[in-house]
1. Non-local amide H neighbours of residue 83 (under 5 Å, H modeled in plane, Pro and chain starts lacking H): which ones?
2. Rolling a 1.4 angstrom probe over the protein chains, ignoring ligands and nucleic acids, what is the accessible area of residue 176 in square angstrom, nearest 10?
3. Sorting 107, 179 by accessible area (1.4 Å probe), largest first, what list results?
4. Under the 0.36 nm per residue contour assumption, what length would be gained going from the current alpha-carbon distance of residue 47 and residue 110 to full extension?
5. Show 87, 45, 114 ordered by accessible area, largest first, where the area counts protein heavy atoms only and the probe is 1.4 Å.
6. Whenever you get a sec, line up 180, 57 from highest to lowest accessible area (probe 1.4 Å, protein heavy atoms).
7. Stretched out fully, how many nm does the piece from residue 174 to residue 131 gain, at 0.36 nm a residue minus the Cα gap?
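The values are calculated or read from the model by the stated rules, or taken from the named source; none is laboratory data. Predicted model, so just to flag it, every value in this text is computed and none were measured. Quick note on the areas: whole protein, heavy atoms, side chains included, nothing else; ligands and nucleic acids left out. Shrake-Rupley method; radii C 1.70, N 1.55, O 1.52, S 1.80 Å.
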Amino acid sequence: MRLRALPRAAAVAVALLLALDLAEPAAAHGGSPSPLDGVCNGDIHYTFSPALQATPRPTTITWSGAYSCTSVPGLQTWTGRFGGSVHTTTGCLQADLDQVLAQGVTENDKWFVHGDEQAGSSTLTGTVSTLPREDGTRLYEWTGTVAGGSWFAGHHFNGNGVYTSLTSGKACLAGEPIERNDGYATLVILPL
């Protein structure tokens with residue numbers, strides 16, 4: 001009777017080891033479970049090619065930056081680096097208060113825990129709209145869905161931020177080209 005039970009016990013042990021081995025590669029390659037949601041704040045840097053001017057024209061906007069993030073329940077913390085680019089028609093001034101700057105914008109985010117240990121990634125796809133402010137800067141609104149990656153896939157997100165270096169719009173009005181810009185960004189990843 002013990003001899004018959006031994007192969008069953010061995011089969012169960014092998015199945016458990018295989019199950020554990022399948023879970024190990026994600027951790028071995030820096031993978032980690034995604035938080036349920038999160039709020040991220042950080043700096044963002046833009047370049048414009050060709051440089052922005054008052055008259056809108058086809059322009060490639062490239063951005064990159066870094067986030068510091070926390071989950072709403074549980075206060076799990078992590079950091080992120082992000083970047084992307086889009087080709088759109090824009091200038092440094094706008095007349096329409098609800099201007100859609102670009103649709104189908106994609107951003108790639110890398111998430112880190114414990115310093116430089118990459119824990120996951122996300123591909124965000126959405127729409128960017130911009131609103132002018134009295135001081136000449138522009139507030140952007142960024143909404144969409146996490147379309148892929150190992151963290152937050154399927155979640156909706158909302159974001160906003162400010163282009164801070166359009167100093168009172170004076171440089172634009174004076175006809176000075178604007179090649180780069182800095183600002184701050186907020187991203188809220190909503191729970192499923």
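1. 108
2. Surface open to solvent at residue 176 totals about 100 Å².
3. Details: 107 5, 179 105 Å².
Ranking 107, 179 by accessible area, largest first, yields 179, 107.
4. Details: separation 63, 0.36 × 63 = 22.68 nm, distance 2.04 nm.
Residue separation times 0.36 nm, minus the Cα-Cα distance, leaves 20.6 nm.
5. On the way: 87 125, 45 90, 114 155 Å².
Descending accessible area places them as 114, 87, 45.
6. Details: 180 155, 57 75 Å².
These residues rank, largest area first, as 180, 57.
7. Stretched out fully, the residue 174 to residue 131 stretch lengthens by 13.4 nm.
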